[in-house]
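Engineer: First the structure, then my questions, so here it is.
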Amino acid sequence: MDTDFYRMKRLPPYVIAEVNGMRHAARRAGRDIIDLGMGNPDQPPPQHVIDKLCEVAAKPSAHGYSQSKGIPGLRRAQANYYGRRFGVDLDPETEVVVTMGSKEGLASLATAITAPGDVVLAPNPSYPIHTFGFIIAGATIRSVPTTPDENYFRSLEKAMHFTVPRPSVLVVNYPSNPTAEVVDLAFYEGLVAWAKENRVWILSDLAYSELYFDGNPTPSIMQVKGAKDVAVEFTSMSKTYSMAGWRMGFAVGNAELIAAMSRVKSYLDYGAFTPIQAAACAALNGPQDIVESNRQLYHKRRDVMVEAFGRAGWDIPPPPASMFAWAPLPPALKEMGSLEFSKQLLTHADVAVAPGVGYGEEGEGYVRIAMVENEQRLRQAARNVKRYFASLGINAAAGTG
């Protein structure tokens, strides 16, 4: 039988999986690997959220099929969150849909709105779903920068003038995964104006909306007047409430896109388990202490990581947001490339990081470091890295041997 499946041919080998496989093998062999590769929160959700899950799960009526677009109470809770956090009014019936994490939401919307041959503008480097969700749906990707500097809008204009067919969708992600870069509201204002002029849909991934540092709250594209005409935004409870495995997210915004996405989802799933949705309501509507405590947790870990790795000879720019640092390879090891460097770090320092090339070719020369271990473990990782550098007889920061 022919197993050369069409969509499988469009998916290259997942680069990061190679490092993940080495990490699993090392742990099976009994090695203590400090895993800074995957953005997997190490803190539990609030107790009242867990209690609500158990309470609702104990009800015999809670175990049937749920609603694909999300139970009404959860959609209202998300609309209320946007109201109090961003000052944005949303209709929970037509402008909010519950997703099984932002990743599933992006893939479902890509399936809903993409025809084979469509051109989608996506950042490079970027989180893989931002490109491969559309590639699986049959689209062609044209890369645009991730860094929101003066070249960003010039790249968009160039893409519109020299791409056939003209791009129909632009994906943005700030705070960025993997680079942790952020934007201000003026950037989104320019983006909405550009999208209206060029008749392009904007898909904004705001998964790290609450993990901002140094007193600079993350804006939402939905705060821009007229954004609902052209944009949908995705958020997630994974990092904000330490609920990654619960797979709870949302899409909000343009009613036409929300309806298309809801229709596709109605064919694909019956929605998340009702007790999980009820617990998500408790998280959004209840005490918000965890939001600030998680922000402080990652902020402190950031400072510890930057200081400790700097003393080890590896200068890492402090990220302004998210749970990741986008770290340039030490100058002395730059020629090694991000994949080989990640392998060597795992083999010789027992530290796992994600190679930047796994997020697109523009990610080469960097690794992504997830701040998902406690401060003691971060300092231990830095000591391990320092020993690895010493074993090579290099001054990693200076780039000399």
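Engineer: Return the distance in nm (one decimal) between the two label points of a simple spin-label model at Arg263 and Asp91, each offset 7 Å from Cα along Cα→Cβ.
Structural biologist: Distance between label points: 1.7 nm.
Engineer: Something else: Relative to the first principal axis of the alpha-carbon coordinates of the chain, what is the inclination of helix 15-28, with its axis defined by its Cα atoms, in degrees from 0 to 90 and to the nearest 10?
Structural biologist: Helix 15-28 and the main axis of the chain meet at about 70 degrees.
Engineer: Take every DSSP beta bridge whose two residues both sit in the chain, then give the antiparallel share in percent to the nearest 5.
Structural biologist: Restricted to the chain, the bridges split so that about 50 percent are antiparallel.
Engineer: Something else: Starting from 0.36 nm per residue, how many nanometres of slack lie between Arg10 and Gln296 once their C-alpha separation is accounted for? Could the numbers behind the result be given before it?
Structural biologist: Values: separation 286, 0.36 × 286 = 102.96 nm, distance 4.10 nm.
Additional length available on full extension: 98.9 nm.
Engineer: Counting only Cα, what are the radius of gyration and maximum Cα-Cα distance Dmax of the chain, in Å?
Structural biologist: That works out to 21.5, 67 Å for Rg and Dmax.
Engineer: Round to a whole angstrom and tell me the spacing of the C-alpha centers of the stretch 17-50 and the stretch 233-277.
Structural biologist: 25 Å
Engineer: Ok, one more. Between 0 and 90 degrees, rounded to the nearest ten: what's the tilt of helix 255-268 against the longest Cα principal axis of the chain?
Structural biologist: Relative to the chain, helix 255-268 is tipped by roughly 80 degrees.
Engineer: Next question. For a label point 7 angstrom out from the Cα of Arg84 toward its Cβ, which stretches of the stretch 232-254 have the backbone nitrogen within less than 15 Å?
Structural biologist: Residues 241 qualify, since their backbone N sits under 15 Å from the label point.
Engineer: From the Cα gyration tensor of the stretch 202-264, with a ≥ b ≥ c the square roots of its eigenvalues, which class applies: rounded if a/c is under 1.5, or else prolate if a/b is larger than b/c, or else oblate?
Structural biologist: It comes out oblate by the Cα gyration axes.
Engineer: Now a separate question. So if I place +1 on the C-beta of Lys and Arg and -1 on the C-beta of Asp and Glu, and nothing else carries charge, what would the dipole magnitude of the stretch 3-72 be about its Cα centre? I want it in debye, nearest 20.
Structural biologist: Dipole about the Cα centre, nearest 20: 320 debye.
Engineer: While we're on this one: Any chance you could get the radius of gyration and Dmax over the Cα atoms of the stretch 89-144, in Å?
Structural biologist: Answer for the stretch 89-144, Rg first and Dmax second: 12.5, 35 Å.
Engineer: Quick check: pseudo-label points 7 Å beyond the Cα along Cα→Cβ at Ala193 and Asp229, how many nm apart are they?
Structural biologist: 1.3 nm
Engineer: Averaged over all directions, how much area does the convex hull of the C-alpha atoms of the stretch 139-238 cover when projected, in nm²?
Structural biologist: Here the figure is 6.8 nm², rounded to one decimal.
Engineer: Taking R0 as 56 Å, what FRET efficiency do you get between Ala57 and Asn395 from their Cβ-Cβ distance, rounded to the nearest 0.05?
Structural biologist: That gives a FRET efficiency of 0.50.
Here, each number is a calculation from the coordinates, and none is a lab measurement. What you see is a predicted model; the values in this text were computed from it and never measured. With ideal geometry, Cβ positions are generated from the backbone for all residues, glycine too; neighbour counts draw on all protein chains shown.
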